[in-house]
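See structure below.
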Amino acid sequence: MKILILSPHTDDAELGSGGTIAKMISEGHEILWVVFSIAGDSLPQDLPKDTLKREFLEVAEHLGIHENGYRIYDFRVRHLDEKRQEILEDLVKIRQSFRPDLVIMPSLNDRHQDHQVVSNEAVRAFKMQSSIIGYELPWNHITFDTSMFVRLDKSHIETKFNLLSHYRSQFQVGRGYFSSEYVYGLAKVRGTQCNSAYAEAFEVVRWII
Ligand SMILES: [Zn+2]
């Protein structure tokens, strides 16, 4: 299966679907991972603007994803709405060149302004061709519809936490969801809902067989 992963900022896809990505790669699926912003303006002043890009590249290396397996755009964080059409056109080009079977993106119920742009444009670009699921970032949701689960074992969640550990800048700024308690806790909750040791939940936007 060809799987397109959409991450508005570095770290979103790891937080929402890092265990699933680890599982998909171990099963031999072909991945293309697209990051839209390296969020240089969100970093503490003392850190270089490309810090999150370098941390993402460590994640890619950790997973054995080569240069043709990811793309990193540098749209300005919190201003993706100003580039909506450009983002749509990039996604359409990816649809034509990569032709994904499955698109993994932020939930349509995600309230972050940049996440909404990526998800809305992805639906426009892929709704006729690909299955589409949205990942869970609980701090951005009022509601989240757990309509799909990916069952995971402990090794997948360990890999997810190890991937997140590359984002030293985010641990430094003290984000509560960059913690083992959060990663293992949510995965255990979602696993409990689908008779598995661990899991990640997704919203089904479109499912095509
Ligand atoms: Zn984000």
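Modelled spin-label separation between H141 and A197, with each label point placed 7 Å from Cα along the Cα-to-Cβ direction: 2.4 nm. Working from label points 7 Å from Cα in the Cα-to-Cβ sense, the E89 to N68 distance is 2.6 nm. As a size descriptor, the averaged projected area of the C-alpha convex hull of the range 68-209 was calculated at 9.5 nm².
Cross-link partners for K83 among the lysines, with Cα-Cα distance under 23 Å and sequence neighbours closer than 8 places in the same chain left out: K49, K53, K93, K127. Computed about the Cα centre, the dipole magnitude for the chain is approximately 360 debye when only Lys and Arg (+1) and Asp and Glu (-1) carry charge, each at its Cβ. The spacing between the range 152-166 and the range 1-66, judged by their C-alpha centroids, is 13 Å.
Taking 0.36 nm per residue of separation and subtracting the current Cα-Cα distance, fully stretching the chain between E58 and R206 would add 50.1 nm. Within the chain, what percent of beta bridges assigned by DSSP are antiparallel, to the nearest 5? In the chain, DSSP labels about 35 percent of beta bridges as antiparallel. For the range 129-144, the Karplus equation 6.51 cos²θ - 1.76 cosθ + 1.60, evaluated at θ = phi - 60°, returns couplings of 10, 10, 5, 9, 10, x, 8, 9, 10, x, 6, 9, 10, 8, 9, 9 Hz by residue, with Gly and Pro reported as x. FRET efficiency for the pair K2 and V189, taken as 1/(1 + (r/R0)^6) with r the Cβ-Cβ distance and R0 = 30 Å, rounds to 0.50. When each of the peptides 118-124, 188-194 is scored by the mean number of other C-beta atoms lying within 10 Å of its residues, the order from highest to lowest reads 118-124, 188-194. Here's the picture: a label point sits 7 Å out from the Cα of R111 along the beta-carbon direction, and within the range 126-151 the residues with their amide nitrogen under 14 Å of it are 137-144.
We did not get these values from a lab; they are worked out from the coordinates using the rules stated. Quick caveat: nothing in here was measured; it's all calculated off a predicted structure. Quick reminder, even Gly has a Cβ in these numbers, built from the backbone with ideal geometry, and neighbours come from all protein chains shown.
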